[in-house]
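Bear in mind that the values in this text are calculations on the coordinates, not laboratory data. Note that the structure is a prediction, hence the values are computed from the model and not measured. Cβ coordinates were reconstructed from backbone atoms using ideal geometry, including for glycine residues, and neighbour counts include every protein chain displayed.
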Amino acid sequence: MSVGFCGVRHRLIALPVAFGICLSSPAISQPASSSAPAADFDVVEATIDGIHAAMRSGGLSCTKLVQAYLDRIAAYDQAGPKLNAVQNVNPHALKQAADLDAKFKASGEMAPLHCVPVLLKDQIETDFMPTTYGSAMFKTFVPKRNATVVERLQRAGAIILAKTNMGEFAAGGAGSAFGDCHNAYDSAYFASGSSCGTGIGVAASFGAVGIGEDTGGSVRGPAAHGSLVGLRPTTPLVSRFGMMPASPSRDTIGPIARTVKDAALVLEAIAGYDPKDPLTAASYRRTPESYTAFLQPNGLRGMRLGVIRQSMDKETDTNAAHYKEVRAMIDRVVGVLRMRGAEVIDPMEIPDLLRLLDGSGLTRTNIYETEQAIDAYLGQHPDAPVHTFKAMVTSPLLIEPRRQALIYGVAPADRAGIRAPASNAGSAAHAGPQSDGGQPPRRFRLCDLRPCAGALAALDHRQ
């Protein structure tokens with residue numbers, strides 16, 4: 001039996017905390033290339049196991065696979081529905097694919113992520129293509145180093161196929177470098193942020209898997225809005241070295257994938273201690289040899305899962321039709337979890353939840369670390385176009401909604417010294433998130449509804 005999230009054809013149940021969207025059919029469903037990559041292989045909704053099986057059978061080469069994904073990007077990102085998920089494509093991707101083909105032909109061996117095309121959030125550094133952080137300020141900035149996760153993915157055989165658009169400086173779904181992201185299932189709908197491009201790209205089969213960054217939902221939100229699996233690891237598990245920080249006490253890097261197994265395979269490649277990120281010392285000798293080993297059909301038996309039914313937003317209208325629709329989906333998932341043997345505590349009440357969230361830094365009370373962290377990060381890049389948090393916030397290129405949000409990341413006593421420029425002349429993107437018609441994207445059935453199902457995830461299961 002295949003159980004689908006919101007009725008879409010994916011073998012998973014995954015409700016990232018506080019997010020949910022139900023859409024019936026993808027906006028794109030056919031590969032763009034006039035020459036198919038292989039007679040019996042379709043990259044649409046392909047999984048890592050499926051890709052590797054086709055390669056071992058001789059029906060697919062790495063070069064043809066990469067070209068097929070590049071064809072889809074060309075056909076659907078800035079053409080057709082114009083999903084606007086990709087900032088830059090790796091100019092070396094086909095050469096890297098040819099090298100992997102040659103190695104496989106010579107040895108017959110595959111690394112765990114052999115030729116897996118990865119979509120990388122543009123918050124994470126690469127020394128072979130620009131890293132923009134979603135901002136026009138950094139449009140041509142190429143760091144002199146790779147992030148640790150990039151090195152680990154490449155060591156596992158993956159190809160960084162493209163850098164994906166993101167909410168400017170890691171919030172929202174719009175940025176001065178690109179405009180706004182468009183949901184792969186319906187471009188009129190919000191795609192969530194800030195890892196919007198990665199979520200859209202994986203949903204649209206622009207790559208096999210993706211990497212996002214999550215501070216307050218930026219992996220889980222895009223995954224939920226694209227009917228995908230998004231995993232926010234605990235902060236010590238994956239190195240953040242080579243990533244612009246947003247809130248270091250909560251920032252973490254995680255996979256966005258089509259299935260739970262694919263997410264686990266990516267996590268195996270990127271998790272573990274890194275001396276360049278001292279926080280990861282807490283994970284030293286504490287990570288399993290394999291995460292996929294835990295993916296058992298009966299893996300939910302004996303687990304206790306709590307469902308938080310309380311709203312996480314003071315503005316939530318619990319009588320709204322879209323709220324009730326998401327609630328019904330959560331009820332459905334809870335039933336599946338129980339059917340698979342989990343003990344579900346429903347509801348799990350948390351006294352003073354909103355007050356606790358305010359105190360956690362999830363809201364605008366987080367005024368303690370962002371400026372200092374960004375200044376320290378930019379100090380590592382003498383060639384960066386700007387060198388301080390204040391220079392970022394006062395730039396006329398920064399979209400206004402993001403400026404206001406960043407200013408709230410400064411201690412109140414220091415805000416008086418930050419002034420917005422007199423005008424934001426230039427790209428229409430400066431106006432903030434807009435759909436093609438100049439209107440804000442619709443937020444029907446979106447993350448800000450926050451009916452909040454707590455940590456709910458079931459394994460891929462096939463019967």
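The figures follow:
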quantity	calculated
Under 5 Å, built H, 5+ apart or other chain: amide partners of A162	N90, V118, L120
Relative exposure of F241, F128, F138, judged by other C-beta atoms within 10 Å (fewest first)	F128, F241, F138
Residues E168, E268, sorted so that the one with the fewest Cβ neighbours within 10 Å comes first	E268, E168
Charge tally in the Cβ shell below 11 Å around F241, where Lys, Arg are +1 and Asp, Glu are -1, F241 excluded	0
Mean Cβ neighbour count within 10 Å, used as a protection proxy, ranking 331-344, 40-53 highest first	40-53, 331-344
Reachable lysines from K64, criterion Cα separation under 18 angstrom, eight or more residues apart if same chain	K95, K103, K105
Burial ranking of peptide ranges 74-84, 249-259 (average Cβ count within 10 Å, highest at the top)	249-259, 74-84
Intensity falloff of the range 118-173 expressed as log10 I(q)/I(0), Debye formula with alpha-carbon point scatterers, at q = 0.22, 0.26 Å⁻¹	-0.80, -1.04
The range 166-201-the range 378-402 distance, computed between alpha-carbon centres (Å)	20
Whether the range 231-333 is rounded, prolate or oblate, judged on the alpha carbon gyration tensor where a/c under 1.5 counts as rounded	oblate
Charge context of A54, other residues only, Cβ under 12 angstrom, K/R +1, D/E -1	-1
Pair I350, S57: separation of 7 Å Cα→Cβ label points (nm)	4.6
Residues of type lysines that K276 reaches as a straight line, Cα spacing below 24 Å, ignoring anything fewer than 8 places off in the same chain	K121, K144, K163
Environment charge of C181, counting only residues whose C-beta is closer than 11 Å and scoring Lys/Arg +1, Asp/Glu -1	-1
Mean-position separation - Cα centroids, the range 233-282 and the range 327-360, in angstrom	25
Packing-based order for 176-189, 374-387, using average beta carbon neighbours within 10 Å, highest first	176-189, 374-387
